[in-house]
Amino acid sequence: MGRTSKDKRDVYYRLAKENGWRARSAFKLLQLDEEFHLFQGVTRAVDLCAAPGSWSQVLSQKIGGQGSGHVVAVDLQAMAPLPGVLQIQGDITQLSTAKEIIQHFEGCPADLVVCDGAPDVTGLHDVDEYMQAQLLLAALNIATHVLKPGGCFVAKIFRGRDVTLLYSQLRVFFSSVLCAKPRSSRNSSIEAFAVCQGYDPPEGFMPDLMKPLLDHSYDFNQLDGPTRIIVPFVTCGDLSSYDSDRSYPLDLEDGSEYKYTPPTQPPISPPYQEACRLKKKGRLAKEIRPQDCPISRVDTLPQ
Ligand code: SAM
């Protein structure tokens, strides 16, 4: 590809270089701000998945300009330093990184948490969407620790099949959740941004960095308040009817003899049909056990 062909094809790529932004993504955050006034009154912000750093550049210019702003940026990859931006190199899905971010805030809540994170795309859409959703949930988890009530959370989202579930999860924590597609985000991409405003966790919600499904030592009884949902357990059917775990004699209670009844509808084309046919003809390959194999027997003879 010639040096200018990408400049020709992608106007935002070209403009980013001309305007001194490290990546074309800067325009996405700027355009989101045009619509939602994200930076109004913001003095503390967290940029999750920040490298190479164009969103951090925007944040430091927009909120750090007066010297009172405070920006923390996190990424797996190392990032060239930026004035006014404190950097952490780490994985946002890891407890240790989340704790480091929280430590930097020393109890002072952030007004804004943004996440433009994207996993390495595999090309398997379901896997990519799942990974993107997990990044977003990891970002949300961190946000629940550092955001002030009323604060704002903006995160990249893939508008895939299960996006509605994510919206519902976000809506538990924010009074307003919108899906926004900035002009600079390619139409051909399922990428969009969840703009969540008015952080308002459920009453009694205690932020928790544990990942219950991954941490096998997790004690689910620790869950309390709105994080613990107990669904009613109901049994049904007459308790004096047959017990499904018991064996019963074939002869019926009225003394009549048992007669076999064929299944109402046998399977039409079961996967084992071919195996049954081959077995009947004695042509089904038998499993070769190591003790039946002369070579392995020689191998195991004592020297
Ligand atoms: N917003 C950035 C900018 O404007 O320069 C661009 C972000 S880039 C699209 C996505 C970033 O997400 C990559 O730098 C990648 O290293 C980071 N990332 C992906 N998974 C991550 C994770 N688990 N923890 C931290 N960073 C992650």
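Data table
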read-out: Criterion: within 13 Å of residue 197 (Cα to Cα) and of a type in the set (A, V, I, L, M) - qualifying residue of 135, 170; value: 170
read-out: Test: residue 249 is loosely packed, with under 10 Cβ neighbours inside 10 Å, part of a loop (DSSP other than H, G, I, E, B), out of contact with any Asp or Glu (no Cβ under 7 Å at 6 or more places or on another chain) and not aromatic (Phe, Trp, Tyr); value: yes
read-out: Sole exception among (1) charged (D, E, K, R); (2) surrounded by fewer than 13 Cβ atoms within 10 Å (Cβ to Cβ); (3) in contact with a strand residue (DSSP E or B) (Cβ under 8 Å, 6 or more places away or on another chain) for residue 129, by number; value: (2)
read-out: Close pairs (6 angstrom Cβ cut-off, 6 or more residues apart or separate chains): more than 23 Å from residue 134 (Cβ to Cβ) in the stretch 79-96, of a type in the set (Gly, Ala, Ser) and assigned to a loop (DSSP other than H, G, I, E, B) anywhere; value: 82/53; 84/64
read-out: Elements of type strands (runs of 3 or more DSSP E) contained in the stretch 1-102, each with 1 or more residues being surrounded by 12 or more Cβ atoms within 10 Å (Cβ to Cβ) and small (Gly, Ala, Ser); value: 44-48, 70-75
read-out: Options 123, 150: the member that is touching a Phe, Trp or Tyr at 6+ places or on another chain (Cβ under 8 Å), surrounded by fewer than 19 Cβ atoms within 10 Å (Cβ to Cβ) and of a type outside the set (D, E, K, R); value: 150
read-out: Strands (runs of 3 or more DSSP E) (entirely within the stretch 128-237) containing at least 3 residues that are within 16 Å of the ligand (Cβ to nearest atom); value: 147-158, 191-199
read-out: Cross-chain or 6+ apart pairs with Cβ under 9 Å, the stretch 149-171 first and at positive phi, then not acidic (Asp, Glu); value: 150/175; 150/197; 150/198; 150/199
read-out: Residue satisfying all of: in the stretch 101-121; within 13 Å of the ligand (Cβ to nearest atom) and free of Cβ contacts under 8 Å to residues at least 24 places away in the same chain; farthest from residue 53 (Cα to Cα) among these; value: 121
read-out: Any chance residue 33 is of a type outside the set (A, V, I, L, M), more than 23 Å from the chain's Cα centre (by Cα) and over 27 Å from residue 120 (Cβ atoms); value: yes
read-out: Filtered residues of the stretch 13-30 (kept if aliphatic (A, V, I, L, M) and within 10 Å of the ligand (Cβ to nearest atom)); value: 16, 23, 26, 29
read-out: Test: residue in the stretch 31-46 that is modelled with pLDDT of 95 or more and near the ligand (Cβ under 10 Å from one of its atoms); value: no
read-out: Residue in the stretch 59-74 that is charged (D, E, K, R), away from the ligand (no atom under 13 Å from the Cβ) and on the phi > 0 side of the Ramachandran plot present; value: no
read-out: Residues within the stretch 252-281 that are among the hydroxyl-bearing types (Ser, Thr, Tyr) and either assigned to a helix (DSSP H, G or I) or surrounded by 10 or more Cβ atoms within 10 Å (Cβ to Cβ) (or both), tallied; value: 0
read-out: Number of the exception - residue 96 against (1) more than 12 Å from the ligand (Cβ to nearest atom); (2) among the small types (Gly, Ala, Ser); (3) over 24 Å from residue 150 (Cα atoms); value: (1)
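The values are calculated or read from the model by the stated rules, or taken from the named source; none is laboratory data. Remember, it's a predicted structure, so these values are computed and weren't measured experimentally. Here Cβ is always computed from backbone atoms with ideal geometry, including for glycine, and neighbour counts include all displayed protein chains.
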